Amino acid sequence: VQLVESGGGLAQPGGSLRLSCAASGSAVGANVLVWYRQAPGKEREWLGSSSLDGESTYADSVKDRFTISRDAAKNTMYLQMNRLNPADTSVYSCKIAGTSSWGQGTQVPVSS
């Protein structure tokens, strides 16, 4: 499985970004999808998971602000991030549950 995250970049507080994660070697439409982030000097943080029945669960830190979605035709998963704040500054990574592969991550600094 190979994963390539994109869409990161400098965001303003209160702003939005949509991250993408293109997968190969495993079907996005047939697996549970997970997003994580890791801020400098901190442990990796689970952000949310999207199951096959369309239900998603999120960490309290991002609930009601972040949304995971998928496009099976493009074999790509997304993380829509709204109302960003400086505490969201991190490297964001995607994962397909049950696999051991990680992408390189995409950096999201949130600053004015």
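Dividing the mean sequence gap of close Cα pairs (under 8 Å, 6+ apart) by how many residues segment 62-112 holds gives a relative contact order of 29 percent. Which stretch or stretches of segment 45-64 have amide N atoms under 16 Å from the point lying 7 Å from T99's Cα along the Cα→Cβ direction? Backbone N within reach: 50-52.
In straight-distance terms, cross-link reach from K63 covers every one of the lysines whose alpha-carbon lies under 25 Å from its own, apart from those fewer than eight places away in the same chain; here that gives K42, K95. Computed about its Cα centre, the charge dipole of the chain is approximately 180 debye, with only Lys, Arg, Asp and Glu carrying charge at their Cβ. Placing a label point 7 Å from the Cα of N82 along the Cα-to-Cβ direction, the residues of segment 40-65 whose backbone N falls under 11 Å of that point are 64-65. Any chance you could run the full-extension gain for S111 through R65? It's 0.36 nm times the residue separation minus the Cα-Cα distance, nm to one decimal. Additional length available on full extension: 14.8 nm. Residues L17, L84, ordered by accessible area of protein heavy atoms at a 1.4 angstrom probe radius and largest first, appear as L17, L84. In order along segment 59-69, the phi-based Karplus estimate (6.51 cos²θ - 1.76 cosθ + 1.60, θ = phi - 60°) of 3J(HN,Hα) comes to 5, 4, 5, 10, 4, 6, 10, 10, 9, 9, 9 Hz; Gly and Pro are listed as x. With a sphere of radius 10 Å drawn around the Cβ of S61, what net charge do the other residues whose Cβ falls strictly inside it have (Lys, Arg +1; Asp, Glu -1)? Net charge around S61: 0.
In the chain, Cα pairs under 8 Å separated by at least six residues give a relative contact order of 38 percent.
Evaluated over the Cα positions of the chain, the convex hull gives a direction-averaged projected area, one quarter of its surface, of 6.4 nm². Distance from the alpha carbon centroid of segment 56-74 to that of segment 96-110 works out to 14 angstrom.
In a fully extended conformation the segment linking E55 and K74 would gain 4.8 nm over its present Cα-Cα distance, using 0.36 nm per residue.
The values are calculated or read from the model by the stated rules, or taken from the named source; none is laboratory data. All of these numbers come straight from a predicted model, not from anything done at the bench. Reconstructed Cβ throughout: ideal geometry from the backbone, glycine too, with neighbour counts over all protein chains shown. Protein only, heavy atoms only, side chains kept; ligands, DNA and RNA dropped before computing areas. Shrake-Rupley method; radii C 1.70, N 1.55, O 1.52, S 1.80 Å.
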